Each structure stands twice: as C-alpha cells, then as structure tokens.
C-alpha cells in the first residue's frame, strides 16, 4: 500500500486548520464598528460645536479641540486597523487624548456654558477608548476605561448632575457589555477552531488506519493462504492468521463512520443504533456475516437484545456441531407498507441438521436450553423465531422482529 | 484456448503469488500491474478475458478502474479481490460492472475456481456480497417513487440470493429448490445484471439532467 500517494486530502479547504486560523477573527467586525462609531460621534460633536460655539468662552479653542478630535479619530482608525498596534501604547494614548479633550471642555465652554447644560466638547465621542479597551481586553478593561473617563468628566464639572451621570453610566455599561461579548466571541471561535482541527486530525487518522488495516489484512491473508498450502506447523500459523484476519475485517468492514452506529450501552435505550457493528463482533474465520451496505437502525435495547440472541444462536451451533462448524449470519431489513417494517437475522450452520420431529420432542422435554433463551429475547421484542432444518443442509434459526419507522 | 488474465494489485508479494498460481493452473497472465491507471492503459493492448482486481489501489477507486477497464476493453470480466471488504466499496464496484467478488483470504482452489467461473461468464458471489445485493434492492425499493423504475427481484431471485447469503452452494440451492445448477446460476447473474443496468440508466439520467450529454 502506497501511503505517500494519498497525502493530498489533507488540504481539504473545509477542514484545513491553517485555513481556519487565517479566517477573520471575531474581533475584526467590532474594530470596524468602533471606527464607524468614532466618525459618527465626531460628526455629532462637531454639530454641537457649530450650533453652540457663539456661547463658548473660547470658541476658537473649541474648534481647535474639534480638529484634534478629528485628527485623533483618523489616527486611531488607521492604528486599530493593524492587529499589531492594538496594544498599550495606542490604547493609553487614546485614553489620554480623549481625557485631555474632556478636561479642557469646562474652560472652553466657560461657567455659563457648563451651567447651561451643554455637554462636554467630545460628547459621545469619549466612548471611543472605552470600547477600544473593551474589545482589546474584555469587560474589566472596558469598565476601567469608563471609570477613568467618568472621573475626569465629573471631577471637572465641580458638581455631579444626574443628567451628565446618565451618560457615564451608559458608557460604563457599554464598556462591560462590549468587553463581555468580545470574550464570548473569541472563545466560541477558539472552540470552533479546536473542533475543526480535531475533525481534520481524526479524518487523517482514519485514512491512515484504513491503509494500514488493508496492508495488515493483505499480509494476514497471504500468511493464511501460503501457510495452509505448506502444511504442518505453517498450517497452524496460517489458521491463526486467518482468525485475526477475520476479526480485524469484521471490525473495520462495518464500524467506520456510520451515523447510526454507536455504543448501545450508553445513553437512551430508544436511541437508534446500527445493528451491523454489534453483529460484526460475532464474525470469525468460521462465521460469515452478510448485511446490507446501509445501516440497519434499531432502538438501542432492541439492537443489543438481537445481538445477544444471535450470540446465543452461534453458541448453540458450536455446542451441537463442534467448534469448527461453519455458520452464516444474514441481516435483512424490510420496510412495510405503513411506516413499520421488519428486521430479520438468520443464523445457519452446516451441521448434520435436526431430524424431523426431534425439535418438537426436545421442546416438549424442555431440552432446548439455549434455543429458549433466544426465543425469550426475541418474544420480548415482539418478534418470532423460526427453526428449520433440511437434511444435509444444516439448521437455520430465523429471528424476525418488527420495528416502527425510526425516522 | 487459454484464458488471458490480468492481475492488478499494489502489493508486489501478493501480485506475484497470484500470478504464479494462475500460471501453474494453466492461465495466461498477460499483465500484472500495481496501479489502476496503468491497468486501464494496458487493458486495451493486453485484451485480458478476466481482470483480477484489488479493490484498494493507491491511485484510483475500484469504481473508476472498473469503468476504465470496461471502456478500454468491453468484453473484459472483472473479479474483485479485497482484503478489508469495505461494504460500500464492494457494492459500488459490483454496480459499476464487476461480476465477481472474493475475499483475499480465500483458499487457492477457491480463487482459481472463481477465475474459471468468471471467465465462463458466471457471477461469483460470496455470502457477504449476496447480503449487500439483497440490501441494495430493498433500499432501492424503499427509496423509489411509485412511478419509478427501480429494479426489483422476482420472488425466486430473492429466494436464491438469500440462500447464497446463508452460505449454501449453488449445488445445495439447486437441490433445495429442485431446479438445475444452471438455473441457479442464471438467477444469481440476473440479480447482478439488473443492478448494473439500473446503475447505467441512472448515470445517463444524471448526465442528461446536468446537461453533460451536450458536451462533445
């Protein structure tokens, strides 16, 4: 088996972990939203200045501060666009510049301006660094920025008014909320990426396992075949190889990747599980298993009872026909006309068969031990057991159980 | 006339062993190759009667190789060998046109017998393959719309396939159903033929729906 030839599948774009890493991080849209917010807030602040500058004590300085805000908006928008610059120097400067704009406001507006209830010069624009801190560092950092700016704002007004405090409280809430949402988004993204990487790794492992299994099976089959031909001790080796070959083949023939397959011992007993992997456990060098290629779903408890009944039937074969007797297991599922259907499992051996009449005789004498345990299990599932025997063609046990459509 | 056989298997030890067995049994091994693409290229010139094909090749899937072989040399018959018996792979290969399937662990006599029967035009079924084919007919019947032309088995064909799946030989089946050996063979072959025909019809229908037939 040439393993080198199949490496290409790892570059599957959906599953490539590198691709997932390159895709946009969940913070990006938030940084872009912040840029839009800054420009909108700048527009609002400028409008307030344009409407009110006549009442200011220092209107020229007011316009100058507006200019600083415009310049700083451009600086931060271009700065935060680069992930590398989203660090303390820029975050700190952002807060300092904004705080400076807030601090000069009372002086620009003059006592009359502030007392007439004008907002500070930057108005809503002061939320910019709060949101930047929140996006970069979560809700605590957002809250810290909000508190620092609130101190600057309220401390310089001299007295705290409920009106102006409302704005600060909203700013604090915004800082906490945005910080929280950012953390959640980042964590969700990380979880998704881990899951994607895990899935890619699993696929790869499965693919490698298939190749290795195939190689191992080839060698086991070869040993079995040549060993049997050579005879003697080699024949014994061949027989052992054959047993392992059958065990491994039954393990991988049905078990891989079917949605309805699963461990019947876990979870809800009505959860549908595929009957085939459960029966595959019984397949050996002497027991052949024939199933459909698609899953045969049964409620978990029915599937495990059915598998146990088949196991009992096979034990019966070994008991009556010897350990080397061959047996064949056939699984069929047939849909009925309305929703329901039947699942039939037949177990046939190539033993001498049971002479006519002996079966009833044995049943009457209560000597059908194992057969009774089969009947019991299947009857509990609402099914039927038919035992037939043709002279020279072995004995056949047919287990049929009804099921309601599981879809 | 000797039967011309081509062996396709990527496992050199296995390929040589099979070729030697065939040679000793009087078959003419016209080619032994390790890749599907190579097999398809060689088939037109080597004109084998039977291709013994490993289902797991490094370059092409079993279905691709079988389609390629049948296109390159239509009279060829394909006997699949597989070590792992991946069920869907086996079923797909049969639907694509393979007429026989054997596990690699089969004994030498069983294998040589399968090659002979494949060359004679018989379908070579393991019990496992019979189970897959039965399941596929039931799946098609369930999935089909009422007006659909999904292939169906006759009652007798179903009966024969079930007996094959339960490990009875053709001889035992003939005895049990009181028919000739040949009749049993024909029934088995019909089940395969209908499935392959349906598969070809589906492919053509798919091609027409996608407008692929207008491409020249």
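Taken together, the values in this text are just the output of simple stated rules run on the coordinates, not laboratory data. What you see is a predicted model; the values in this text were computed from it and never measured. Note: ideal-geometry Cβ built from the backbone for every residue, glycine included; neighbour counts use all protein chains shown.
A few notes on this one:
- Here each label is just a point 7 Å from Cα along the line to Cβ, and for residue A:32 and residue A:75 those points are 2.6 nm apart.
- Whole-number percent relative contact order across chain B, with pairs defined as alpha carbons under 8 Å at least 6 apart: 14 percent
- Legend: ranking of residues A:101, A:152 from fewest to most surrounding C-beta atoms inside 10 Å; resulting order A:152, A:101.
- Helix-only mean residue ellipticity at 222 nm for chain B, each DSSP H run of n ≥ 4 adding -39500 (n - 2.57), per residue, nearest 500: -18000 deg cm²/dmol
- Rg [Å, one decimal], Dmax [Å, integer] - region B:129-214, C-alpha atoms: 15.5, 52
- Working from label points 7 Å from Cα in the Cα-to-Cβ sense, the residue B:182 to residue A:239 distance is 4.2 nm.
- Separation of alpha-carbon centers, region B:85-164 and region A:277-315, rounded to whole Å: 20 Å
- For region B:24-168, the alpha-carbon coordinates run over 46, 32, 26 Å along the three principal axes, in decreasing order.
- Region B:4-124: relative contact order as a whole-number percent, Cα under 8 Å and 6+ apart: 23 percent
- With a 10 Å cut-off around each Cβ of A:292-302, the average count of Cβ atoms from other chains is 3.
- Approximate spin-label separation residue B:197-residue A:40, in nm, with each point projected 7 Å along Cα-to-Cβ: 6.9 nm
- Compactness of region A:119-247 - radius of gyration and Dmax, Cα, Å: 34.5, 106
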